[in-house]
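Have a look at the structure below before the remarks.
The values are calculated or read from the model by the stated rules, or taken from the named source; none is laboratory data. Note that this is a predicted model, so its numbers are computed, not measured. Every residue, glycine among them, receives a Cβ derived from its backbone with ideal geometry; neighbour counts consider all protein chains shown.
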Amino acid sequence: MKHTWIDKIPYATVRESLLLMRVDRPVGIWLLLWPGLWSLMGASVGFPDFKLFIIIVIGTFLMRSAGCVANDLADRNIDPHVERTRSRPLARKAISIIHSVFLLFVLLFLALLLGLQLNKYAIFLCVPGAFLALSYPLTKRIIDAPQLYLGISFGWSVIIAWAAARNSLDWPAWFFFLATVFWATGYDTIYGMVDKKDDAKIGVRSTALFFGKMAWIAIGGFYSLTVLFWIFAGYFLHFSLIYFLFIAMATIHLGWQVYLVRNIPEHQLIGVFTLNQWTGGIVFVGLVVEKFNL
């Protein structure tokens with residue numbers, strides 16, 4: 001198990017709670033945050049409202065943390081049998097189920113307080129967003145493409161952010177949403193390839209298992225759709241060539257990932273998965289440069 005600054009915290013309950021929330025693994029925060037910020041930038045005239053910006057950042061942290069806790073509660077009997085997850089707090093019984101449920105409710109309550117600062121339309125849209133986030137862990141036992149469900153869950157941050165900024169939902173919001181859906185489906189398929197052998201043994205479903213040896217082609221397809229919807233969003237927002245140059249950079253980055261998936265051992269693919277935090281950042285920088293003509 002990789003050691004981080006959290007391991008130095010002397011209070012076991014605090015330490016294990018932070019590990020349960022995956023605070024030591026910020027990649028997931030970035031992957032959820034970028035789409036919300038794309039949406040906020042796209043929906044705003046000039047610099048986004050600072051209050052909305054802060055709400056999205058903090059809300060992302062809270063809901064990602066809540067999602068991790070909910071996931072580990074649902075998978076507490078599965079994680080001990082998977083190499084990558086057996087060191088998680090609930091899997092090694094370092095924290096109780098009661099404490100984990102309490103932590104989940106605290107995170108959701110804080111997220112609720114934050115969400116109530118938004119307009120009524122955005123508040124209404126937070127309800128299905130919370131349902132998607134909390135129900136995702138169950139899909140791994142029901143459908144062959146839980147990664148697609150995760151993509152819809154992550155993409156919902158786009159919908160909430162756009163509604164919060166404009167009090168409406170326009171075509172670019174749906175294009176950024178679809179871009180996020182297929183982006184997340186692609187990178188989470190890469191993530192699933194690492195656990196493929198363990199998942200097959202214990203009956204957990206995934207797109208990595210569904211596509212098998214053709215997974216790299218499927219990932220390429222998902223990423224191609226991602227780029228297409230980024231382009232559609234920029235076109236409907238009447239963005240200049242600058243934005244599309246950044247999309248071209250992000251496309252190259254995604255293409256490099258597909259090449260790596262095709263050519264390196266599956267147990268090394270976590271590193272490829274983490275590259276996506278930079279992909280999302282490239283698109284965000286493109287939006288910033290476009291908005292402010294930097």
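Got a number for residues in segment 59-86 being touching a Leu at 6+ places or on another chain (Cβ under 9 Å) and outside any helix (DSSP H, G or I)? Selection size over segment 59-86: 2. A Cβ distance below 9 Å, combined with a sequence gap of six or more or placement on separate chains, defines the contacts here; from segment 12-35, residues that are free of Cβ contacts under 8 Å to residues at least 24 places away in the same chain and surrounded by fewer than 23 Cβ atoms within 10 Å (Cβ to Cβ) reach residues that are of a type in the set (D, E, K, R) and assigned to a helix (DSSP H, G or I) in the pairs 15/7; 15/8; 24/7. Residue 148 meets all of the listed conditions (1) more than 17 Å from residue 39 (Cβ to Cβ); (2) surrounded by fewer than 18 Cβ atoms within 10 Å (Cβ to Cβ) but one, namely (2). Applying the criterion of being polar (S, T, N, Q) and either within 13 Å of the chain's Cα centre (by Cα) or at positive phi (or both) to the residues of segment 151-179, the residue that is surrounded by the fewest Cβ atoms within 10 Å (Cβ to Cβ) is 167.
Could you grab me the full set of residues in segment 192-205 that are under 20 Å from the mean Cα position of the chain (by Cα) and either among the acidic types (Asp, Glu) or crowded, with 24+ Cβ neighbours inside 10 Å (or both)? 192, 193, 195, listed by residue number. Could you tell me whether any residue of segment 196-218 is at pLDDT 95 or above, aliphatic (A, V, I, L, M) and under 30 Å from residue 171 (Cβ atoms)? Yes, segment 196-218 contains a residue that is at pLDDT 95 or above, aliphatic (A, V, I, L, M) and under 30 Å from residue 171 (Cβ atoms). Of all residues in segment 110-125, those that are in contact (Cβ under 8 Å) with a residue 60 or more places away in the chain have Cβ atoms under 8 Å from Cβ atoms of residues that are loosely packed, with under 14 Cβ neighbours inside 10 Å, 6 or more apart or on another chain, in 117/51.
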